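Contents: one structure, followed by commentary.
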Amino acid sequence: MSKVIGIGETVLDIIFKNNRPVEAVPGGSTFNALTSLGRCGVNASLISEAGHDRVGDYVVDFLRANGVNADSVSSFPGSKSPVSLAFLNDRNEAEYIFYKDHPHDKLEFSLPDIQPDDIVLFGSFYAVNPVIRQQVAGLLDYARQRRAIIYYDVNYRPVHRDEVIRITPNLLENLDYADIVRGSEEDFATLYRKEGADKVYDSEISFYCRRFIYTRGAEPVEVRGENGFRKAYPVGNTHTVSTIGAGDNFNAGFIFGMLKEGITRADLEHGLTERQWDRLIASGLEFAAECCKDIFNYVSREFGERAGKSL
């Protein structure tokens, strides 16, 4: 079965409700998705960096305890682990404050073993950060040469709104590398000041990537694909404790669906069928809903064990 290789930040999420801290959990967009996949028994590995401190040790141990290969998570002397403060509102949606010194980011790793139809996941500011651009682009270029499937989660937070012009060349290059692009309404409002799946897809995405997933919280998921394919998928009602990892786990579920359905690069190049899209989106929504049922950023271990039996 294909492997999943992710590249992205590690962070300690401190979660607040009614201005009181209620939990502290390891996180990061790609980190959350890979943790859920690891709990499902998927062969997953993370390329990242962690602080040279107790939090960094905790993050690495947590990955390994959840079945994720952390051999390519680097730690540099004197570095401190990034921290995110997530304040949940009445709808259990989060407003974030990040504490990280991006100009001091480093990233050192050896290129991993990537085979055709393996899946490479990347996204967030980490994916466009100019300081580590050479390393990220090198991995993406290698993945494309090896005919891996590249999944890009834009996940661009409003806190980085003032840096849009600076990172735009890297963003466009990412879109060109990607085989599948997912982004939220908030992402594209921040980047382009545009809303609506068709408007974003037609003007900003389709030239670079033909497969596009547009999410809007509890509103229907919109898909745009090859040969004019377009479809909206309703989001089911879920008792929500926290939405912090919802998008990350949608990514995990979609990728899990690709593995379960045996989706290959050839399938993407020929164009996914409506039935394939239906199953992949359903899997993404299932994982996202499961994550929202608890304060943590990933699917439960019990859910992962059940899902893993279907692979």
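Where a number appears in this text, it was derived from the coordinates with a stated rule and is not lab data. Just so we're clear, the structure is a prediction, and the values are computed from it rather than from any experiment. Cβ atoms come from the backbone with ideal geometry, glycine included; neighbour counts cover every protein chain shown.
Structural remarks
- Approximating the spin labels as points 7 Å out from Cα along Cα→Cβ, the V83-to-T168 distance works out to 3.6 nm.
- The Rg/Rh ratio of region 163-224, with both radii computed over alpha carbons and Rh defined as the Kirkwood radius, is 0.94.
- Eigenvalues of the alpha-carbon gyration tensor of region 1-58, scaled by 5 and square-rooted, set the equivalent ellipsoid semi-axes at 24, 14, 9 angstrom, largest first.
- With contacts taken as Cα pairs under 8 Å at a separation of at least 6 residues, region 55-170 carries a relative contact order of 21 percent.
- Pair D176, D202: separation of 7 Å Cα→Cβ label points (nm): 2.5 nm
- Ratio Rg/Rh [Cα only; Rh per Kirkwood] for region 153-281: 0.95
- Relative contact order of the chain, pairs being alpha-carbon contacts under 8 Å that are 6 or more residues apart, as %: 18 percent
- Cα gyration tensor category, rounded, prolate or oblate, for region 96-228 with a/c compared to 1.5: oblate
- Student exercise, region 1-136 dipole from Lys, Arg, Asp, Glu Cβ charges, in Debye to nearest 20: 200 debye
- Taking 0.36 nm per residue of separation and subtracting the Cα-Cα distance, full extension of the segment from R216 to D267 would add 15.7 nm.
- Mean Kyte hydropathy of 0.0 or more with a Cα span along the axis of at least 15 Å, helices from DSSP in the chain: 29-39, 54-65, 164-177, 246-261
- Tensor-based shape of region 62-153 (alpha-carbon gyration tensor, a/c under 1.5 rounded, otherwise prolate or oblate): prolate
- Anisotropy class of region 251-311 from Cα gyration tensor, a/c 1.5 cut: prolate
- Subset of K3/K293; K231/K260; K17/K100; K199/K260 violating a 24 Å alpha-carbon distance limit: K3/K293; K199/K260
- Only Lys, Arg (+1) and Asp, Glu (-1) charged, at Cβ; the chain dipole about Cα centre in debye: 260 debye
- Cα-projected label distance for K231 with K309, points at 7 Å along beta-carbon direction, nm: 2.8 nm
- Entry note, region 192-273: relative contact order of 18 percent, from Cα contacts under 8 Å with a spacing of 6+ residues.
- Principal axis box of the chain, alpha-carbon based, largest edge first, Å: 51, 44, 42
- Span from the region 129-207 Cα centroid across to the region 14-42 one, whole angstrom: 23 Å
- Our estimate of slack between N92 and A65, defined as 0.36 nm per intervening residue step minus the Cα-Cα distance, is 6.9 nm.
- Most fluctuating residue given options E163, E290, E222, as computed from a GNM of the chain linking Cα atoms under 10 Å: E163
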